[in-house]
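The values are calculated or read from the model by the stated rules, or taken from the named source; none is laboratory data. In this text the structure is predicted, and so the values were computed from the model without any measurement. Glycine also receives a Cβ, built like all others from the backbone with ideal geometry; neighbour counts cover every protein chain displayed. Ligands, DNA and RNA are excluded from the accessible area calculation, which covers all protein heavy atoms including side chains. Shrake-Rupley method; radii C 1.70, N 1.55, O 1.52, S 1.80 Å.
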Amino acid sequence: MRRKVYTKEQILKAAYEVVENEGFSGFTARNIAKKMGISTQPIYLEFKNMQDLKNTLLDEICGHLYYDIFPAKRTGDAIVDLGLNYIYFAKERSKLYNALFVQEYGGGQKMHDFSYKYFRELTEKHPKYKNLTDEQINALHVGTWITVTGIATLMSSGIIEPTEEDMVHLINRAIDHILDTEDTAVLDKL
């Protein structure tokens, strides 16, 4: 009898579904294998260990965010659009959002590094932000990150329902305040 071969893509798909439904607390070889109806052996044949699988999965998710979610144009201001796209992602995919950006054993530093790199690319290309200093970019990243994460978390948990106009206003206020403030030292420390 021939053994069934499970591909890396099938394992990643199952791992994604586990994380989307249970967060990274359910990210175990046993749970992923159960989702696929297999033993854990094929997982360890395709990946060195669970950290390798997690890193590969996070890379796939970051690619999806980079190419499909974050670049959607809404207002013409790259930073405002990124904030809105992040908020809508949190609302529409709240469990995955929490697993990636909120849970302590989720994406953590990898997601922060990814978001910062993406943010920095946007500022370098956008006429409004391309002449900012590193200090201003860092402060702008932290300040807008705090603002949109607050909105995203409150919306994804159903506590608030601001209009897009309200969200744009809040994000723009944060941007304007940060760029108008000479003292960015507080935000640089965060």
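Does Ser25 satisfy the criteria of being hydroxyl-bearing (Ser, Thr, Tyr) and in contact (Cβ under 8 Å) with a residue 60 or more places away in the chain? If you could, list the steps in order and put the result at the bottom.
On the way: hydroxyl-bearing (Ser, Thr, Tyr): yes; in contact (Cβ under 8 Å) with a residue 60 or more places away in the chain: yes.
Yes.
Given the residues Phe89, Phe114, Phe101, which is the only one that is modelled with pLDDT of 95 or more and within 25 Å of Tyr16 (Cβ to Cβ)?
Values: Phe114 fails: modelled with pLDDT of 95 or more; Phe101 fails: modelled with pLDDT of 95 or more.
Unique residue meeting the criteria: Phe89.
For Asn85, all conditions in the list (1) in contact (Cβ under 8 Å) with a residue 24 or more places away in the chain; (2) under 18 Å from Gly150 (Cβ atoms); (3) of a type outside the set (D, E, K, R) hold save one; what is the number of the exception?
(1) is the only condition that Asn85 fails.
Residue-wise test of (1) assigned to a helix (DSSP H, G or I); (2) in contact with a His (Cβ under 6 Å, 6 or more places away or on another chain); (3) modelled with pLDDT under 95.
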position	(1), (2), (3)
Arg30	yes, no, no
Asp52	yes, no, no
Leu65	yes, no, no
Lys73	no, no, no
Tyr97	yes, no, yes
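Does region 28-56 hold any residues that are under 25 Å from Arg93 (Cβ atoms), free of Cβ contacts under 8 Å to residues at least 40 places away in the same chain and open to solvent by less than 30 Å² (accessible area, probe 1.4 Å), and which are they?
Ala29, Ile32, Ala33, Ile43, Phe47
Look at Tyr129 and say whether it is open to solvent by less than 10 Å² (accessible area, probe 1.4 Å) and without any contact (Cβ under 8 Å) to a residue 60 or more places away in the chain. Before the answer, list the steps.
On the way: open to solvent by less than 10 Å² (accessible area, probe 1.4 Å): yes; without any contact (Cβ under 8 Å) to a residue 60 or more places away in the chain: yes.
Considered against the rule, which asks whether it is open to solvent by less than 10 Å² (accessible area, probe 1.4 Å) and without any contact (Cβ under 8 Å) to a residue 60 or more places away in the chain, Tyr129 comes out as yes.
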